[in-house]
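**Q** Provided herewith is a single structure, encoded as structure tokens, for subsequent inquiry.
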Amino acid sequence: MNLNGRGRMVLVVVGLLLVGTLVAVPGAQAFEGRGGDVVTIGPDEVIEDDLYVGAGTFTLEGTVQGDLVVFGGTLTINGTVEGDLIAAGQTVVVNGTVEDDARIAGYALTLPGTIADDVIAAGFSLESEEGASIGGDVVYAGYQALLNGDVGGNLRASSGAVRIVGAIEGDARVDVGGTEEGETIPSFYNFMPNVPTVPSVPPGLTVAEGAVIGGDLAYTANFRADVPAGAVAGDTDFSEYVPDVPESKERRPPSAAALAARWMFRQIRRLVTFLLVGVLTMWLVPGWIRNLARNVEAKPLPSLGWGVVTIGVFTAAMALLVVVSVLLTVVFGAITLGGLAGRLAVLGGIVTTTAGFSFSIIWRYITTIVVGLLLGQLIFRALNSPAEENRWLPMLLGVAILILVTAVPILGWLVKLAIVLLGLGALWIWGLKALGGSKAAESPVEV
């Protein structure tokens, strides 16, 4: 799906609002934290403060009298949130009531319940079911949106497919440019395991019979939508989608605002990617990540030194692996074992590619998760907050801060280098201890 200028700006606005909630640091006010593979707030339970949760599966049956901030896999809100709802997960379902704004992100976002104010969302699929009520505006960026319920404010959507079935009291501005009539929007759940089912929405803009738009309708698309007579109380404005064209020598350079928007979009994408990787690792291997973080805290200078060693050893090992693979292929080919030589070449390529890919994941993501976890723990420790022992919150806070810091020119590169060396060094120390080489781990090279 391609986004034109308007679509990108909608996405930037959504991202900025989500980032604002993700990087917010709890101050001195009271809040409660929960964490674990499965977290449930029972129907008779009342949380009198803000609630922060990190869980694989989270269900709210009771009441949160403040804000609810939750990250995880499957998130279900059956009870009442008297403040804001801030949620990011694979599946987010709001069956109950949110008395203020809802800021949600994920693959499948379903809203059967009541949200008193605005909904700001980003994901693959957003579905507002029949009978659902949204009191304020809806701002959405993603693959598809199905709006069966009522919206009390305006609709702003940048997507590949939008279907309006219910009532929108305000204006509707929709960007569905980049999708062709009859095109099929990919449905990942058809071929990926453990991915939730989402409704099928036809590409472009669809206004169903019985839908009502109380204000104006403005939409950008490759083709005109079939809008039923009387569905739009105001004016209808159709703009044909014009795809971006490659820059030419005669074309003016992008404006400062456009460059700033592109930069911000890259940082939002980085933040979301690192947070998703962080949630996954803290879910699957929390003990290992904490162990690496303890190594960095206990031995920061040795970790830097061993980080340099790790890079050198891996580079040499990769070169040796390539040389050995080539030599074995040549030798077996020369003694007429052509079939075996070909298989050895394929095997060598697979091993080399797998090793390189694994190392890239470690130095690009895992090192930041480890250092971010330690940073978050140190911040919560300084605040005397029990959240220091939470599985999710220190990592989420620390990684968000590191993403912001590493976005700064020049300083960012130095911080990135320090993060990579510290993380790789901690991994080296962990490996030596696992192999019984604890003495060597305590005698690092000098830096």
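Where a number appears in this text, it was derived from the coordinates with a stated rule and is not lab data. Because the structure is a prediction, the values reported are computed rather than measured. Glycine gets a Cβ as well: all are built from the backbone with ideal geometry, and neighbour counts include every protein chain shown.
**Q** With the crude spin-label approximation of a point 7 Å out along Cα→Cβ, what separation in nm comes out for ARG262 versus LEU320?
**A** 4.3 nm
**Q** Return ASP101, ASP226, ASP44 ranked ascending by Cβ neighbour count within 10 Å, so the fewest neighbours appear first.
**A** On the way: ASP101 21, ASP226 11, ASP44 8.
By the 10 Å Cβ count, ascending: ASP44, ASP226, ASP101.
**Q** Moving on. What ranking of SER159, SER125 emerges when the number of other C-beta atoms within 10 Å of each C-beta is taken as an exposure proxy, fewest first? Intermediate values should be presented prior to the final figure.
**A** Values: SER159 30, SER125 26.
Exposure proxy ranking, most exposed first: SER125, SER159.
**Q** Which of ASP50, ASP175 has the fewest other C-beta atoms within 10 Å, and how do the rest follow up to the most? Before the final figure, lay out each step's value.
**A** Working: ASP50 20, ASP175 28.
Going from sparsest to densest Cβ surroundings: ASP50, ASP175.
**Q** Between PHE238 and ILE311, how many nm apart are label points set 7 Å from Cα along the C-beta direction?
**A** About 5.7 nm separates the two model spin labels.
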